[in-house]
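I have placed the structure first, in the form of structure tokens, so that the comments after it can refer back to it.
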Amino acid sequence: MPGENQNPVDDNNQNNTPAPASAIKADEDMVTKLVEERVAKELASIKGKLDASYGARDAALNKAAELEAKERARELKQLEEEGKHKEAFEIRLAEEKAAREAAERRNVELTRDLEVRTELGKLPNAVRSERAGALAAEDIKKELVRNDQGVWVHRSGVSVADFIKTFSENPDNAFLFKQKQNSGGGSNPITPGSQQAPTSLFKLSQAEVLKLAAEGKLPQRKR
């Protein structure tokens, strides 16, 4: 009957009606929230494991240093009791030199850490959290060296600021940073190139070198 055939047609039309924009936006917000919660949970787990590992390491190092200091003091006392004052003096002099050099290295590392934190803070897509920032900083610092002028640079020679910018744009590191909303236009990301670095870096553009640097695909420089 004609009347009975009209309802199925109406139902099909209703099923094909696009969802309202507000419903789509709500779904996108929910997905984003779930992803952020998952990332936060993963970062918390990683941070907990790192803290436990570092705590055990520091405790072992402190204990070893304490035992070494006691043994060294005993040796120095024995040398002085045996009248070997020159030997004891030279040992103390060497210890003071080692302590001074360690302090200098620490000061240099602090300047590196400060520069990394400063450049991370300048990024338009900020780190997701303090924990994410700490993880990003650790990965970045592993790639830095001091050049002949004593300036911290990436091992490829590019500046810290340029390397950190490329590091933040690497999709593999996206979970560490707040992502900018995609408006359909805007900047053009660097397209992935070859999976291996070419034989000569001079044939690449600066953008390509930076991308390879962020992905850890640049050849190691000989020292």
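Quick one: which helices (runs of 4 or more DSSP H) lie wholly within the range 111-223 and hold at least 1 residues that are modelled with pLDDT of 80 or more and in contact with a helix residue (DSSP H, G or I) (Cβ under 7 Å, 6 or more places away or on another chain)? Steps first, answer last, please.
On the way: elements: 130-141, 160-169, 206-214.
By residue number, 130-141, 160-169.
What are the residues in the range 94-138 that are among the small types (Gly, Ala, Ser) and under 14 Å from the mean Cα position of the chain (by Cα), if any? Reasoning before the result, please.
If we filter the range 94-138 for residues that are among the small types (Gly, Ala, Ser), which is where we start, we get 94, 98-99, 102-103, 121, 126, 129, 132-134, 136-137.
Scanning the range 94-138 gives 121, 126, 129, 132, 133, 134, 136, 137.
Mind telling me which of the residues 100, 112 ends up being touching a strand residue (DSSP E or B) at 6+ places or on another chain (Cβ under 6 Å), closer than 30 Å to residue 154 by Cα and of a type in the set (Lys, Arg)? Explain how you work it out, then say what you get.
Working: 100 fails: touching a strand residue (DSSP E or B) at 6+ places or on another chain (Cβ under 6 Å).
When all the criteria are applied, what remains is 112.
Would you mind telling me which numbered condition in (1) touching a residue at least 40 places away in the same chain (Cβ under 8 Å); (2) exposed (fewer than 12 other Cβ atoms within 10 Å of the Cβ) residue 112 fails?
Of everything listed in (1) touching a residue at least 40 places away in the same chain (Cβ under 8 Å); (2) exposed (fewer than 12 other Cβ atoms within 10 Å of the Cβ), residue 112 misses just condition (2).
Can you go through 106, 92, 131 and tell me which one is without any contact (Cβ under 8 Å) to a residue 60 or more places away in the chain and surrounded by 11 or more Cβ atoms within 10 Å (Cβ to Cβ)?
Details: 106 fails: surrounded by 11 or more Cβ atoms within 10 Å (Cβ to Cβ); 131 fails: without any contact (Cβ under 8 Å) to a residue 60 or more places away in the chain.
Testing whether each residue is without any contact (Cβ under 8 Å) to a residue 60 or more places away in the chain and surrounded by 11 or more Cβ atoms within 10 Å (Cβ to Cβ) leaves just 92.
Can you tell me how many residues within the range 146-156 are surrounded by 14 or more Cβ atoms within 10 Å (Cβ to Cβ) and touching a residue at least 24 places away in the same chain (Cβ under 8 Å)? Walk me through it before giving the result.
Taking the range 146-156 first, the residues surrounded by 14 or more Cβ atoms within 10 Å (Cβ to Cβ) are 152-156.
After this cut, where a residue has to be touching a residue at least 24 places away in the same chain (Cβ under 8 Å) as well, the list is 152, 154-156.
Going through the range 146-156 one residue at a time, the tally reaches 4.
The values are calculated or read from the model by the stated rules, or taken from the named source; none is laboratory data. As the structure is a computational prediction, the values presented were derived from the model and not from experiment. Methodologically, a virtual Cβ is constructed for each residue, glycine included, from the backbone with ideal geometry; neighbour enumeration extends over all protein chains shown.
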